[in-house]
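Peer 1: Have a look at this one.
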Amino acid sequence: MTNEQLATDIADGINDTDSFYSNLSESLHAAAQVLTVLQLSHDAERIRAMGRVELIEHALNSGGEVERLCVVLGYLQQFVSIRRSSPKLANVDVSNLIADAIDGLTMLYRDGGIALIVRTNDQHPHVWINATKLCQALGGILLIAYETANRGDTVELEMQCTEDSVQLQLRKSGMQPSSIDTDMSLRVAIAEANIRAQGGTFSWRMDPFVVEIGLRMASSEGEILSRS
């Protein structure tokens, strides 16, 4: 596969209209929910009738909703940024990148009593990817897995190589959440957008919580290997 062909695939990922508008719609819906809560809680007559203690409590609650709105708007900004920009790619050793992604989370997992197992089978495949964005995506998914886990659970990240791709699978054992909240769902969507914008594949499901990422293999000389 030539660099031009990969660029075309990446453009297709960035221009994945259905996925983009679905994520955008979910973000806007989350923002609208917060605005609705704020609107209902700021009835002028009700506020005038409040005592000092009730006003303080109202202000604190409103502050929490405003903070949540800022977070959702931040997600919206990330989606638009991913959509508009073309990632700068490089030939990257995936095993080294995985080590970087888990480095900041090892202590968190240990303190939470959750086992984090990484299986790379001593392989060092190279892929054509943006290392920073892939590291952010992996770190974000690992953090979500941690947040949905209970003490004693196990989270595994396994890497497998095919002739022309590297497959990463993250799975969580133990009690499975039936769903994840809007914040987590949007964070998964951002990770997905980051991976797809670089020509990769991304899928995830609940019960059990599994995330699968496919990356294009590159040779040690930096060429992109073709699909058969």
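Peer 1: Determine, for Thr148, Thr154, the number of other Cβ atoms within 10 Å of each Cβ, and report the residues in order from fewest to most.
Peer 2: Details: Thr148 20, Thr154 14.
Lowest to highest Cβ neighbour count: Thr154, Thr148.
Peer 1: Same structure again: When the Kirkwood radius is taken over all Cα pairs of segment 135-186, what Stokes-Einstein diffusion coefficient follows at 4 °C and 1.567 mPa s, in µm²/s?
Peer 2: Rounded to a whole number, D works out at 104 µm²/s.
Peer 1: Output wanted: per-residue J couplings in Hz (rounded whole) for segment 185-202, from phi through Karplus 6.51 cos²θ - 1.76 cosθ + 1.60, θ = phi - 60°, x for Gly and Pro.
Peer 2: 4, 5, 5, 5, 5, 5, 4, 4, 4, 4, 5, 5, 5, 10, x, x, 10, 8
Peer 1: Figure the gain on full extension for Ser81 and Asp207 (residue separation times 0.36 nm, minus the Cα-Cα span) and round it to one decimal in nm. Each step should come with its number before you reach the end.
Peer 2: On the way: separation 126, 0.36 × 126 = 45.36 nm, distance 3.12 nm.
Separation in residues times 0.36 nm, less the Cα-Cα distance, equals 42.2 nm.
Peer 1: Also, quick follow-up: In sequence order, what are the phi-derived ³J(HN,Hα) couplings for segment 124-136 according to the Karplus relation 6.51 cos²θ - 1.76 cosθ + 1.60 with θ = phi - 60°, rounded to whole Hz, with x for glycine and proline?
Peer 2: Each residue's phi maps through the Karplus curve to give 10, x, 10, 10, 9, 7, 8, 4, 4, 5, 5, 4, 5 Hz.
Peer 1: Compare the peptides 203-214, 106-117, 182-193 by average per-residue count of other Cβ atoms within 10 angstrom and give them in order, highest first. Please report the intermediate quantities before stating the final value.
Peer 2: Values: 203-214: 15.8, 106-117: 13.9, 182-193: 19.9.
Highest mean packing first, the order is 182-193, 203-214, 106-117.
The numbers here are math on the coordinates, done by the rules we state, and not lab data. Every value quoted in this text rests on a predicted model; they were computed, and no experiment measured them. Note: ideal-geometry Cβ built from the backbone for every residue, glycine included; neighbour counts use all protein chains shown.
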